[in-house]
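Below: the structure, in structure tokens.
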Amino acid sequence: MARKKGTDLNYLDSLVNDRDKEEIKDTNISKSNKKGKNKKFEEQVLSNSVENIPTKEEAGHAENNVTKVKDEKKAEKEIQTPSIQDSRKRKGPNIDLIRKLQQEKLQRAEEEQKERDARKQREKEERERQKVLEEQRKKEEEEKKKKEIKSKGKKKRANLERNLINLNIQEEKKEEEKIEKVHISAEEGNKSPICCILGHVDTGKTKILDKLRETNVQGQEAGGITQQIGATFFPLDFLYNKYRIRTKLPGILIIDTPGHESFSNLRSRGSSLCDFAILVVDFFHLLEPQTLESINLLKLRKTPFIVALNKIDKIYGWQNDKSFEEQNQSVKLEFKKGLNETIVKFAEIGLNARLYSENKEPKKFISLVPTSAITGEGLNILINMILKMSETFMKKKVTLSDKFECVVLEVKNVEGFGTTLDVILVDGDLKENDKICVGTSDGPIITKVRTILVPQHCRDAKAKHSYDSVKAVKASMGFKIAANNLERVLTGSKIVKVTNDEEAIAAVNEDLNYILKDIKLQQNGVHVQASTLGSLEALISFLEKEKIPIFSFSIGDVRKQDIKRASVSKTPVMLCFDIDFSKELLDFAKEVSVKVFTAKIIYHLVDYYKEYVNTSIQNLKSKYAEDCIYPFELQILPNCVFTKRSPLVLGVEVIKGKLLINTSVFVKKDGIERLGKIVSIENNKKAVTSAVKGDKIAIKIEAEHDNNKILGRHFVETDNLFSFITVKSTNILLNYFKDELSEEDLKLLDDLRSVLEIF
């Protein structure tokens, strides 16, 4: 049995001691045996020598025996082990040898233990390595199986989808064989209603239009949906063949209003551009801030609208391949819950709403149409309801008249045509070579329609050469006009067909005056410029809220004329929103000392200007601080006249205004008595440089120009003291320090100007 390392040393000592004892014992036994043999031999020899006298021959034998015995003794001595010999020589145990043996044994034990530990570690590492390799192998096998399953699944899905597509194509062909596409004509004299889409960001406004458009674009229909400029026109043929909608109207023109800032300005000015509206509401977020803004705008305009309750496909459990009626009961219950919440939210803002299928009084209740821009659910109902309501309740608005009404949405450059106008023809018609009058930032201009451009069918309106030139268009329609001198046309302005030049110019001027009538111009204001009329109105509105005065304004690209106009203002600054400045124009602005600020965000533009103004004012205040004299009125305190002649030392209280050191003072007698200049001020026995209303202070007044004034002769204790202002100091005060003056200070300043006859 193995012993512990801690007891090995004692164990070895005991072994060595036992061995030494046995060796000593063996040595003593050997000695005693040899002594006994020698003694016996000697006794025999003596006995023989006494009893028998040996012969010569026997004596020789005896001698040989003795010699032999000696030789044996000698041999025994030689064959004795060194350990026995050493044991005979030493008196005690060999400590060094014992220790050496012990150390060797311990060293061997330690080496054996290390070898065992190393072998165990190697075995452990090998087991772990094998385990990792096994796990990797299993993982690789699982991934391989998954890939195989996935690949098989994809193949199955692909095959299934291919079969479904083929099946759908076959079904569509069968349907097409059953139902022939028909051409339906609208009643003569009708025009399409103009509908706009409103709502909060990310409610799905654009996606609804995209879904309606892709129905035709993906199907590659030759005569379907026409992409208009900023609008989408759905003709009657398409509506009937796709949705089986029957109507007496030519179709519907839907304008994507979020892309046109100027459109909201048109509505706010009471334009009749929008006949109907679709208010898109997120089913899960209901009435959000921009949704409420849109509702308020529609209420203000008294524009009828339908609510598209969008994103119903996101209801938990909704199946995209099924219509609402085919959904399971839990989905319908969830929709019913959301619908009731929507009705309550509308009721909170004073509007009654009902589900379209339950709404028997569309004039009193707003219809809620559940829609999905992903699956197309409810979109046909949405379009059908707009057309039916337009036909039923807005006959006048959908009847074509001879009155020409056209509005500019945007000004754009088109390769090959130059500057063009994106317009919406609300009523009437327009032909090539017609004379038109349009409003520009420089006033009305008369030009001739060179080309009318409409987008090609099923083509992106932004693509190059995607327009067809036509000879004439009728309302309602969106298209482009190419003509001369259109660069400065104001977006949002009217286009007037010219029959009489003077009348057309007067009509456009009236429209421009209506647009710009609320803009108040001031001599000390800034020049503002924006890319569009909508941007300009937004900028001016924000500047008015920030109380930043406006000197002049312009729309479109900056010209030298605009910079020259800004240079004559008392504040030669240009605030340009969403406009790029060329290096040449910037250099020119620098030459005429006009500071230019440009930004893509209105808030940033105003922040830049405010920072500039604050820095400029501080610099000017530092520059003119010594020449600035504030208005003040001082009252001499009772028993606080310390000297009666120059230098006068008086205790006073500031009744009005603000007192600064080195300000001249006077008293009002029959005329003006200038007492001198205040050279020192003390407040609570501490020297100060100023004092304000309510402070009680001591002042020292030194005479100016040896004009000594004496208390009791030139003025008395009951006389109040006033600051002696000048024309220069008044102008500096009003130009650079007016923000520090209260209403009371300004009134006192006016009184002093009147007394001192400063005008």
(1) surrounded by 14 or more Cβ atoms within 10 Å (Cβ to Cβ); (2) modelled with pLDDT of 90 or more all hold for Leu400 apart from (2)
Just one listed residue, out of Ala353, Ala373, Ala347, is modelled with pLDDT of 90 or more and touching a helix residue (DSSP H, G or I) at 6+ places or on another chain (Cβ under 9 Å), and it is Ala353
Residue in segment 707-730 that is outside any loop (DSSP other than H, G, I, E, B), more than 14 Å from Phe632 (Cα to Cα) and among the aliphatic types (A, V, I, L, M) present:
yes
Residues of segment 360-400 being over 12 Å from Pro304 (Cβ atoms), of a type in the set (A, V, I, L, M) and under 41 Å from the mean Cα position of the chain (by Cα), in sequence order, are Leu368, Val369, Ala373, Ile374, Leu379, Ile381, Leu382, Ile383, Leu387
For segment 520-551, name all the residues that are of a type in the set (Val, Ile, Thr) and modelled with pLDDT under 85.
Thr532
Please specify each residue of segment 511-524 satisfying the condition of being part of a helix (DSSP H, G or I) and either surrounded by 12 or more Cβ atoms within 10 Å (Cβ to Cβ) or of a type in the set (Ser, Thr, Tyr) (or both).
Asp511, Leu512, Tyr514, Ile515, Leu516
Does Phe479 satisfy the condition of being under 20 Å from Glu410 (Cβ atoms), crowded, with 16+ Cβ neighbours inside 10 Å, outside the structural domain of Val454 (by TED's automatic domain parsing) and of a type in the set (Phe, Trp, Tyr)?
no
Within segment 682-696, which residues are within 55 Å of the chain's Cα centre (by Cα) and not hydroxyl-bearing (Ser, Thr, Tyr)?
Asn683, Lys686, Ala687, Val688, Ala691, Val692, Lys693, Gly694, Asp695
Any residue in segment 192-200 that is closer than 30 Å to Gly428 by Cα, in contact with a strand residue (DSSP E or B) (Cβ under 8 Å, 6 or more places away or on another chain), at pLDDT 60 or above and among the hydroxyl-bearing types (Ser, Thr, Tyr)?
yes
Taking first residues from segment 676-697 that are surrounded by 13 or more Cβ atoms within 10 Å (Cβ to Cβ) and second residues anywhere that are hydroxyl-bearing (Ser, Thr, Tyr), the pairs with Cβ under 6 Å that are 6 or more apart or on different chains are Lys677/Ser664; Ile678/Thr663
Within segment 570-584, identify whether any single residue is under 22 Å from Gly439 (Cα atoms) and β-branched (Val, Ile, Thr), and answer yes or no.
yes
Considering only residues that are over 22 Å from Lys564 (Cβ atoms) and either outside the structural domain of Ala566 (by TED's automatic domain parsing) or among the aliphatic types (A, V, I, L, M) (or both), which ones fall in segment 594-612?
Ala599, Ile601, Ile602, Val606
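The values are calculated or read from the model by the stated rules, or taken from the named source; none is laboratory data. Quantities reported herein were computed from a predicted structural model and do not represent experimental measurements. Cβ: placed from backbone, ideal geometry, glycine included. Neighbour counts: every protein chain shown.
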